[in-house]
Amino acid sequence: MPRISTLRITRSHKIATAVLVAAGSVTAIAATGGPSEAQTTATRSSVSVEPVAAAGVPTAKDAAEKAAKENAVKEAAAKKAADKATAEKAAEKARSEKQAANRSTERKAVTPKKFADNLDGWIRESLDIMEKKNIPGSYEGLHRNIMRESSGNPNAVNDWDINAQNGIPSKGLLQVIQPTFDAYHVKGTPKKLTDPVANITAAANYAADRYGSIDNVDSAY
């Protein structure tokens, strides 16, 4: 009986084999309803899909956003604190400067001005007091009236006019009678009619009340 070589496959055999293989593939696809699970998995693995976090679990993006917000809050708080510190420092500096200015003013107020003990000094001291008391008058107005009334003598006394006849003679640099001096005496000056500064200042106060200013007086007043 002749031997049949297993290696020899006729054309008919090849066709038959191909048909059977194709049929088997169709059957397998039909049975599974589509591509195999391995094919599906391979297809899925080739597509980049962003992972979805499980419910309640923050993603890296969420964490980054949260960190950014926290940093912004911290920076805002730090800026607010810095601004507050700057404002407080400025306020403290202003208070210190004001206190220093007040102390300087107090020292100046405590130290009295010095004036010469002569007619020029008496007039200037009176003008200084008049300025503080808002009493009008100038150096020229005071000096002019003093020279007419007493020639600059603080102890001058008028013993001949009607006031002298009535027992209240005019005295001092600006020839003031006692009742007028008492009524227009300026606080801070001696209560002595013939005191040069007190006499000038009281007379200027009287003249301001009656004539508007000692500058407006050009004769007996």
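Values for this structure:
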quantity: Index of the failed condition, residue 210 passing every other in (1) outside any helix (DSSP H, G or I); (2) surrounded by fewer than 19 Cβ atoms within 10 Å (Cβ to Cβ); calculated: (1)
quantity: Scan of the stretch 152-165 for residues that are surrounded by 15 or more Cβ atoms within 10 Å (Cβ to Cβ) and in a loop (DSSP other than H, G, I, E, B), ordered by number; calculated: 152, 154, 156, 158
quantity: So residue 116, is it among the small types (Gly, Ala, Ser), open to solvent by less than 90 Å² (accessible area, probe 1.4 Å), part of a loop (DSSP other than H, G, I, E, B) and at pLDDT 85 or above; calculated: yes
quantity: Only listed residue being surrounded by 10 or more Cβ atoms within 10 Å (Cβ to Cβ) and closer than 13 Å to residue 203 by Cα, chosen from 140, 149, 97, 125; calculated: 149
quantity: Search result, residues across the stretch 175-205 that are surrounded by fewer than 21 Cβ atoms within 10 Å (Cβ to Cβ), of a type outside the set (D, E, K, R) and under 48 Å from the mean Cα position of the chain (by Cα); calculated: 184, 185, 186, 188, 189, 190
quantity: Members of the stretch 166-207 that are touching a residue at least 24 places away in the same chain (Cβ under 8 Å), in a helix (DSSP H, G or I), closer than 17 Å to residue 115 by Cβ and aliphatic (A, V, I, L, M); calculated: 197, 200, 204
quantity: Among the residues listed as 96, 126, 104, the single one being assigned to a helix (DSSP H, G or I), modelled with pLDDT of 85 or more, more than 30 Å from residue 172 (Cα to Cα) and of a type in the set (S, T, N, Q); calculated: 96
quantity: Flag if residue 131 is part of a helix (DSSP H, G or I), charged (D, E, K, R) and in contact (Cβ under 8 Å) with a residue 60 or more places away in the chain; calculated: no
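The values are calculated or read from the model by the stated rules, or taken from the named source; none is laboratory data. Fair warning: this is a prediction, and the values are worked out from it, not measured in the lab. Counting neighbours? That spans all protein chains shown, and the Cβs are built from the backbone with ideal geometry, glycine included. Note: areas computed on protein heavy atoms with side chains; ligands, DNA, RNA excluded. Shrake-Rupley method; radii C 1.70, N 1.55, O 1.52, S 1.80 Å.
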